[in-house]
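The structure under discussion appears below in the form of structure tokens.
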Amino acid sequence: MKRLVLAFFFALQSIFLFAQQFDVAAKNAFIVARMAEKFHVQPKPLNDEFSSHVFDQFLRQIDENKIFFTIEDINSLLKYKLEIDDEIRSRQTSFLESITKMYAARMSRADTMIDNICKTPFNFSLPEKIPFSEYDAYPVNDKAMRVKVYKTLKSAALDIILDEDTILTLSAGKQKKFLDSIEPVARQKAKKNFRHIIEVIENSPGGFEQFMGDEYCKAIAACYDPHTEYFPLSEKENFESEIGQKHMAFGFNCKENDDGSVAIDNIFPGSPAFKSGQVNKGDKILSIQWEDKTPIDVSSGGLRQLYEVLSMSNHDKATLKLRKQDGSERSVILFKEKMESDDDKVKSFLLKGTKTVGFISLPSFYQDWEDDGAGANGCANDVAKEILKLKRENIEGLIIDLRYNGGGSMQEAIELSGIFIDAGPVGMDKGRDEKMFTLKDVNRGTVYDGPLMIMVNGYTASAAEMVAGTLQDYHRAVITGSSTYGKATAQVILPMDTTINPGKDVSQVKSDSYLKLTVSQLYRVNGTTAQAKGVLPDVVLPDALDAHPQREKDNYYVLVSAPAEGNKYFKPYAATDLTKLQAVAQEKISNSSYFSKLKNYVASVNANDKKDISLQIPLAIEQEKNATQDNIKTDSSQTDKAPYTIENNLFEKQELQVNDRLKEANDQWIIFLTRDPYLKINYDLMLLMIK
């Protein structure tokens, strides 16, 4: 009887905690909608249409590949599709509870399917395929779900096998022998990677119900625009670390081995890993266990899987199971601490050829969130320092690389633009009240006034686009590359509180969760906007990203900005004659084996987009051979002699002599830049600008 009473007590406690988690989610969902209503630049009404968007967005988030839910499941949930707005408004949780219970059951079912499917070897001689129509649709029922899980696992195993280039050069007989030997390993690795998805969700910090509640709030936020986001505390810290100098970390870097295992490569002095005295270079990470959760196996999933698990929490205790180089195993308990990173900082080089040209890479518009707004440790100041170092080496031109720069601090973008122009407007900002504010460079003079070129591509976004657009409008720089991403909106991160004032400093207000909210639209000084359009370069170069285009305009719920009147105080410099530059660039593209191969690659990918995926080994090998040949030719073209040699400035040469880690990274940089076909063209164009 006592055991029965205890069991009943724990059952009640579980139900209470379950309901409590959903009450928190319902409260947060209401606050997200209320804050968006008050502060969003283009607020949306909380109605049936919005409800339908949340329903679709939530399903996309938790079942992106349409594996876990069946059409039967979706049909049973449709009764909520137009009711979610009412549930948000009244803080009800019927939809959230129903989909959470269903999702848990479907993941458990998929877990069982994975085990059963992977008990039998995959037969790659069968003429099987994944039709695109099947890939992009929910399975009809449980039977169809099992088929989809089977094909997904088989496709993953086939990809693992084809990663072994050995199979491409073997005869048919030897291919079969090799396939028989590697298939069990590939099958188990595919199984482990698939189950990892389930493990991460089930063992997320805060529990499964909190995970679902967070995803629900994220779905609501996402329906306002692509950049309005709900952040649990750790995700807010991770986001800020991406555009700042400090991040929460254990203090080690890793490298991936050929078998997918991950080993400690560097340990940073003074870090939690260093201070523990139990973590050493060469240790393999087998599993990670967050506080009160089940260990998550990361022994063979590679770097991406490892960092996904490491980023799940910033404040919980983590137990890392390590395998030492002598074969022994050890469990180490670590807590993250705030650390400074040099990995994403400004980096400069000298390109020495016919002329000496400076090169600066700026990976993001970071700022120091703790420097009370002085800007002394932000990226603009760092770029200025590098320019001064390069000027001492008598550079005659400067190339700044903003490729893959996703933006960051808008204040840093304003200050960076001011380095190259005299005081004046550099952009405009319009909030929901339609009033236009001018973004100004208030500092007279420039740090650099010589020939300037900006490299961009399809991943150049936000603050980086503003700088490129401003310098283009002023005719201060020649922009080269492909059309940029197309994000011209500004966000603020606010604690979840409907009484907050976004116009005031709220950095000291603490909360368990936050809302990154789009509060204004950005305009160029000439009145145009990069929103959903991007910045069109002066000299257009082919972009590998065109094979998988994913820009702002391709997102759900993208905002549309109407053009505005240009700033009347904006006075551009004399325009550069681009005719010669464009002609030379086109000539070099036409004569380049790299760009010829790139053009064919993009055309091939786009032609095969949305086509069926073959699971038959002969067809898969033939496709892989063609792809490999393309890659070999591409790599060889990148080793063509560059029209320059690459050197470090005198200041950095001294630092590299005493820092082995920086020297290793610097050597990799030099190899990359020596082979970079885009930089080769930019250097040649810069020679014309210098003349």
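The values are calculated or read from the model by the stated rules, or taken from the named source; none is laboratory data. Since we're looking at a predicted model, the values are computed, not measured. Glycine gets a Cβ as well: all are built from the backbone with ideal geometry, and neighbour counts include every protein chain shown. Each accessible area value is taken on the protein alone, full model and side chains, heavy atoms only, with ligands, DNA and RNA left out. Shrake-Rupley method; radii C 1.70, N 1.55, O 1.52, S 1.80 Å.
Values as computed for the structure displayed
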read-out: Which of A25, P295, T498, positive extreme of dipole for the chain (C-beta unit charges); value: P295
read-out: Only Lys, Arg (+1) and Asp, Glu (-1) charged, at Cβ; the range 350-492 dipole about Cα centre in debye; value: 460
read-out: Cα gyration tensor, the range 302-456 - rounded (a/c under 1.5), prolate or oblate; value: oblate
read-out: Contour excess over end-to-end distance, with Cα ends at E49 and Q582 and 0.36 nm allotted per residue; value: 187.2 nm
read-out: Cα pair distances exceeding 29 angstrom across the range 52-199, given as percent; value: 30
read-out: Among beta bridges that DSSP assigns inside the chain, antiparallel share in %, nearest 5; value: 75
read-out: Area accessible to solvent at L688, 1.4 Å probe radius, in Å²; value: 50
read-out: Net length gained if the chain between K568 and V185 were fully extended (0.36 nm per residue, minus Cα distance); value: 131.2 nm
read-out: Karplus-derived 3J(HN,Hα), 6.51/-1.76/1.60, for each residue of the range 473-480, Hz, glycine and proline x; value: 4, 7, 6, 8, 9, 9, 9, 10
read-out: Positive dipole terminus of the chain, leading residue within I419, S328, Y459 (C-beta point charges); value: S328
read-out: Entries in K391/K680; K38/K504; K347/K504; K191/K218 that, when Cα-Cα distance is taken, lie over 26 Å; value: K347/K504; K191/K218
read-out: Global form of the range 438-561, assessed from the alpha-carbon gyration tensor, a/c cut-off 1.5; value: oblate
read-out: Local electrostatic count at V558 - Lys and Arg +1, Asp and Glu -1, tallied over other residues with Cβ under 14 Å; value: +2
read-out: Paramagnetic reach from Y557 in the range 54-95 [backbone N under 13 Å; point 7 Å along Cα→Cβ]; value: 54-61, 85
read-out: E291-S276 pseudo-label distance in nm [points 7 Å out on the Cα-to-Cβ vector]; value: 1.6
read-out: Amide H within-cut-off set for Q42, under 5 Å, with H built and near neighbours excluded; value: none
read-out: Cα pair count fraction exceeding 14 Å, expressed as % - the range 133-219; value: 74
read-out: Cα Rg, Dmax (largest Cα-Cα span) when computed across the range 15-87, Å; value: 14.1, 40
read-out: For L578, solvent-accessible area (1.4 Å; no DNA, RNA or ligand), Å²; value: 40
read-out: Under 9 Å, Cβ to Cβ, from G481 - net charge with Lys/Arg +1 and Asp/Glu -1; value: 0
read-out: Under 5 Å, built H, 5+ apart or other chain: amide partners of D401; value: I360, S361, L362, M455
read-out: Integer Hz, Karplus 6.51/-1.76/1.60 couplings in order for the range 25-39, x for Gly and Pro; value: 4, 5, 5, 5, 4, 4, 5, 4, 5, 5, 5, 5, 4, 7, 10
read-out: Sum of -39500 (n - 2.57) over DSSP H runs of 4+, divided by residues of the chain (222 nm, nearest 500); value: -14500 deg cm²/dmol
read-out: Amide N proximity, the range 317-359 versus Q657 label position 7 Å along Cα-to-Cβ, cut-off under 16 Å; value: none
read-out: Global geometry of the range 162-286, whether rounded, prolate or oblate, following the gyration tensor of its Cα atoms and the 1.5 cut on a/c; value: oblate
read-out: Given charges at beta-carbon only (K, R positive; D, E negative), |dipole| of the chain in Debye; value: 740
read-out: Pairs of lysine residues in the range 67-167 - Cα separation under 21 Å, sequence separation of 8 or more or cross-chain; value: 14
read-out: For the range 350-357, 3J(HN,Hα) per residue [Karplus equation, 6.51 cos²θ - 1.76 cosθ + 1.60, θ = phi - 60°, Hz, x = Gly/Pro]; value: 10, 9, 10, x, 4, 10, 8, 10
read-out: Per residue accessible area of the range 221-332, 1.4 Å probe, in Å²; value: 43
read-out: Gained length - N123 relative to K440, 0.36 nm times residue gap less alpha-carbon distance; value: 107.6 nm
read-out: Amide H partners (placed H, <5 Å) of G353, local residues excluded; value: T645
read-out: Residue-normalised accessible area of the range 419-527, expressed per residue, 1.4 Å probe, Å²; value: 36
read-out: Accessible surface of T166 - all protein chains present, 1.4 Å probe, nearest 10 Å²; value: 70
read-out: Peptides ranked, highest mean first, by Cβ atoms within 10 Å: ranges 388-399, 120-131; value: 388-399, 120-131
read-out: Within the range 497-613: Cβ-based charge dipole about Cα centre, in debye rounded to nearest 20 (Lys, Arg +1; Asp, Glu -1); value: 200
read-out: Partners for K533 among aspartates and glutamates (Cα-Cα distance below 18 Å; same-chain residues under 8 apart left out); value: D225, D429, E465, D473, D543, D546, E552, D554, E565
read-out: Calculated FRET value between E97 and E37, using beta carbons and R₀ = 25 Å, to 0.05; value: 0.50
